[in-house]
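Notes for the one structure printed next.
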Amino acid sequence: MMAPQLISSHISSGIRKSISLLCGLILTTSICQAQSSPGSVLGALAKNVDIVGLETNFDPETGVATAVGEVHIKYDNVEISAGRAEYNSNTKDVIAHENVLIIKDGQLYRGETVTYNFETQDLKANDIRSGLPPVFYKTTDMKTNSGAMKADSGETSRIDGSGTYFTTHDSSHPNYHVTSKSLTIYPGDRVIMHDAKFYVGNLPVFWLPYFVQPLNHELGYFFQPGYDSLWGAFLLNQYGVMYGDHTLAKYHLDIRSARGLAGGVDLKSLRFADNNNFGKLLLYYAYDTSPETGTGGRDRKDLAPSKDRYRISFQHRIYLPGPSESTWYLDFDLNKLSDRFLLQDYYFAEFRANPQPDNNIALVKHSDGFVAMLWTRFQMNNFFHTDVRLPELAIDFTRQPLWHSGVFYQSENSLGFYKEKLSNAEVSLLQGKINTQQNNLSGFNSGLTSTVLGTSGSTTELAGTTFTSNNSSFQRGTPKLLTTRDQVQQDIANLETELSEKKFARLHSYHEFLYPMSFGDGNWFNVVPRFGVGANFYNDVSGGQKDFGSTTKGIFQAGLDVSGKFSRTWDDVKNHALGLDGLRHTITPYVNYSYLNSDPLVGFPGIDRLNPSTRPRPIDVPLFTAVDDLNTWNIARVGVRNDLQTKRDGTTYHWMGLNTYADIFFQDPEFDRKVSNLYNDFYFRPVPWLSLNIDSQTPIGSSDYNFTELNTSLSWMPNKSFSWTIGHNYLNKNPIFRDSSLIFSRIYTRLNENWGFSMNHIYEATDSTLQYQSYSISRDLTSWVVSVGGLVRNNVNAQKDYGIIVNFTLKDFPQISLPLDLDPNPTGRGGKGG
């Protein structure tokens with residue numbers, strides 16, 4: 001609609017008459033100095049104000065200067081052009097008429113009659129047009145106010161107008177606008193309108209008696225309509241406001257036809273704007289009319305939550321003593337949920353990333369030499385399985401030299417009280433199994449026939465004859481399975497052990513010493529011997545398969561890191577298309593040998609224990625977090641790294657690389673292996689628009705644990721109108737995880753200047769299932785972007801989920817992300833089956 005521009009009058013004496021009022025003022029001042037004091041207003045006027053026009057006049061008695069015809073007035077950072085103007089040196093007011101243009105600090109105002117005060121920097125006008133990007137407006141009457149706090153800086157603190165026209169579409173014919181009876185703008189903050197009417201083109205579509213649109217992109221009103229098979233038709237409403245200069249509040253009122261009403265507020269401290277882990281309080285309540293229905297139409301039956309569902313999440317950091325950052329701070333991560341399905345039903349994207357949020361409070365002291373933490377983790381949600389720490393004190397000393405000996409030292413130390421709390425569902429399931437087995441045992445004791453299988457005991461297959469043992473009889477006929485009284489009793493004992501609360505106190509202390517050495521020209525050969533000693537001291541142990549009481553587990557590690565480094569450089573290799581500015585090839589063969597002596601405690605109820613994984617375990621004790629599962633090992637990790645490097649932006653850039661390695665087991669702590677899989681981790685990132693990653697492992701031994709895994713991801717953006725990420729995750733013959741061949745793809749293409757299209761797919765080739773598909777098309781309406789998208793989610797052993805979403809995005813006030821699963825794979829990597 002308009003854009004700031006600099007207006008200046010160049011007056012040619014050969015074409016037109018030009019009079020400089022400044023020269024006249026200087027002459028008048030010299031005459032008046034015999035009659036007035038040296039500090040007269042004329043002296044000030046002559047010093048600060050330049051007025052140029054075709055005809056000028058100055059009245060020394062009134063202090064009013066006038067100019068007519070191509071008027072140009074300049075005062076400090078303000079320029080005014082008009083058909084005619086008057087300046088009052090007593091009040092410092094300029095009154096300009098006829099095609100007035102005012103430029104102040106890059107801000108432009110146009111109108112027919114404008115009054116501007118050079119001292120207060122306030123402005124009054126009739127029929128004026130202006131812009132405060134992204135806002136453009138015109139108003140019948142307008143007044144600006146710099147305010148007491150901003151007058152010296154020249155900043156406008158407030159703009160008031162009546163009979164206004166408002167838009168963010170920078171065009172002479174905007175495709176939408178808002179009219180209002182009155183308008184108030186607080187620059188950089190908000191726009192307030194009374195009696196506001198919204199128009200698309202010239203068609204009125206909406207009316208509000210009072211409307212506030214903040215100028216921050218996360219503030220103001222946003223809405224999200226759509227349809228989802230879990231929610232039904234929905235309308236998500238959000239309104240963002242600022243409290244003070246540090247707290248952002250987003251209020252929610254959501255309507256879902258299949259689930260009812262819900263609402264809440266998100267509070268975010270802008271002091272942690274760059275870190276999404278802190279400074280948040282999320283409150284949300286839903287009256288769910290259909291809590292028994294889950295994703296894929298699953299019936300939750302007796303697991304269904306109540307209709308009153310809620311979420312309270314608090315993540316915050318408090319620096320001590322505050323308010324500025326310090327080395328002491330308190331961290332809070334608290335999440336109270338009404339039920340186990342709340343995140344899955346209302347925050348699906350968050351549920352996929354973190355299905356079981358944590359609850360802990362930590363007091364941390366951080367320094368260059370150590371990190372100390374006193375923290376507690378507790379079970380706030382009894383429907384989640386949780387390891388509880390009430391509390392734990394941990395002190396880790398970072399690697400540091402011991403005087404000038406060349407020896408380095410590092411250690412980790414912790415003292416805590418630990419419990420493992422089962423979820424309500426686990427307790428109910430185990431108790432139900434115990435009751436069933438106790439009934440079976442009663443059947444044995446009463447002489448009744450039993451054909452119920454044990455849950456952990458062995459079974460015997462019978463064929464043909466009648467057999468009776470311990471009052472359990474099986475007739476001739478179809479082969480049956482036999483459960484003895486002893487096996488049932490053992491089952492009950494095992495189930496009661498699993499049901500009992502695991503708990504103990506533990507002191508873990510480990511200390512490691514290293515002596516780095518380098519040899520050869522350029523220190524190309526490096527040797528780092530290391531050894532470490534420590535122990536786990538356990539007290540008041542309960543919940544295991546046997547009574548440990550108090551016990552100690554020693555830890556001794558001896559290791560050796562050996563590596564060499566060979567390189568060759570080609571300075572003349574240059575290729576702009578591949579991002580090459582010189583090339584250096586570095587080869588680093590290495591061996592990491594580790595011997596650990598730590599006898600396992602058979603049947604010990606460990607809490608910090610190993611979780612199933614397809615990746616190799618760390619073989620350095622400080623990196624091994626499952627301290628209760630430390631077990632004697634004797635392993636050599638042998639490999640070679642190849643890196644191709646180039647120069648980019650004045651620094652070394654890793655252009656391509658391959659790390660190839662394998663573990664040789666002299667003693668395997670988990671399985672009976674002699675050698676691990678062969679691992680290959682490859683990357684290729686030549687230019688910003690191309691990236692390839694391939695992580696693989698292939699069997700080279702004969703162990704039953706050897707398996708094949710291949711994870712590939714390619715991101716390609718050949719031009720600004722097209723991008724494609726495609727990948728494949730393959731897993732075969734893993735003894736823990738099921739086989740998977742998952743293919744994922746994400747494509748976005750800009751069809752032309754106005755239209756864009758995107759689609760996402762996840763396909764499981766092992767069972768020929770298209771697990772996820774989504775499509776969306778967007779239309780650029782200059783100031784708005786309208787998108788329509790649809791998704792289909794294929795749930796295993798359940799009906800499919802469907803969704804449709806309509807998104808209206810105002811470019812200058814862009815829409816935020818909403819918790820709807822339209823992007824199944826934001827990281828570009830698919831998940832494994834299993």
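Points to keep in mind about this one:
- Computed on segment 640-700, with alpha-carbon pairs under 8 angstrom and 6+ residues apart, the relative contact order is 27 percent.
- Nearest-0.05 FRET efficiency for Q438 and N276, computed from C-beta distance (R0 45 Å): 0.35
- Residue separation of I726 and D358 scaled by 0.36 nm, minus their Cα-Cα distance, works out to 129.2 nm of gained length.
- Distance histogram in 10 Å bins (all Cα pairs of segment 248-387, percent per bin): 10, 35, 31, 17, 7, 1
- Fraction of accessible area attributable to carbon and sulfur, segment 723-783 (%, probe 1.4 Å): 55 percent
- Heavy atoms of W524 accessible to a 1.4 Å probe, total area in Å² rounded to 10: 100 Å²
- Exposure rank, largest accessible area first [M656, M717; 1.4 Å]: M717, M656
- Cβ-based net charge around I395, under 10 Å, with every Lys or Arg adding one and every Asp or Glu removing one: -1
- Take every Cα pair under 8 Å whose residues are at least 6 apart in sequence, average their separation, divide by the length of segment 514-621, and the relative contact order is 24 percent.
- In this rough spin-label picture, where each label sits 7 Å from Cα along the Cβ direction, the R685-A577 distance is 2.3 nm.
- Counting only protein chain heavy atoms and rolling a 1.4 Å probe, the accessible areas of F707, F211 rank, largest first, as F211, F707.
- FRET E, pair E670, V640, Förster distance 25 Å, beta-carbon r, rounded to 0.05: 0.50
- Modelled FRET efficiency - R0 45 Å, K647 with D620, Cβ distances, 0.05 increments: 0.85
- Cα-based reach from K307 at 14 Å (exclusive), listing aspartates and glutamates while leaving out same-chain residues under 8 positions away: D288, E292, D339, D345
- Summary value for segment 565-683: 23 percent relative contact order, contacts being C-alpha pairs under 8 angstrom separated by 6+ residues.
- Note on L208 and N175: their simple-model spin labels are 2.1 nm apart, each label 7 Å out from Cα toward Cβ.
- Rolling a 1.4 Å probe over the protein heavy atoms gives segment 252-355 an accessible area of 52 Å² per residue.
- Label-point gap, in nm, between W570 and T552 - each point 7 angstrom along Cα→Cβ: 6.1 nm
- Put simply, segment 308-352 fits an ellipsoid with semi-axes of 31, 11, 7 Å; these come from the alpha carbon gyration tensor as the roots of five times its eigenvalues, largest first.
- Multiplying the residue separation of S162 and I700 by 0.36 nm and subtracting their alpha-carbon distance yields 185.6 nm.
- Under 19 Å from K674, Cα to Cα: lysines that are on another chain or at least 8 residues apart: K733
- For R530, the shell of other residues with beta-carbons less than 15 Å away shows a net charge of -2, using +1 for Lys and Arg and -1 for Asp and Glu.
- Segment 316-432 - convex hull of alpha carbons, volume per residue in Å³: 165 Å³
- For F666, the solvent-accessible surface computed with a 1.4 Å probe is close to 130 Å², ligands and nucleic acids excluded.
- Extension gain for D540-V792 works out to 85.5 nm (0.36 nm per residue, less the C-alpha to C-alpha distance).
- Local electrostatic count at A125 - Lys and Arg +1, Asp and Glu -1, tallied over other residues with Cβ under 14 Å: -1
- Listed by chain and number, the lysines whose C-alpha is less than 25 Å from the C-alpha of K92, apart from same-chain residues fewer than 8 away, are K47, K74, K104, K124, K143, K150.
- The heavy atoms of L101 present about 10 square angstrom of accessible area, all protein chains included, probe 1.4 Å.
The values are calculated or read from the model by the stated rules, or taken from the named source; none is laboratory data. The structure presented is a predicted model; accordingly, all values stated were derived computationally and were not measured. Please note: Cβ atoms are built from the backbone with ideal geometry, for glycine as well, and neighbour counts cover all protein chains shown. We work out accessible area using only protein heavy atoms, side chains counted, and drop any ligands, DNA or RNA first. Shrake-Rupley method; radii C 1.70, N 1.55, O 1.52, S 1.80 Å.
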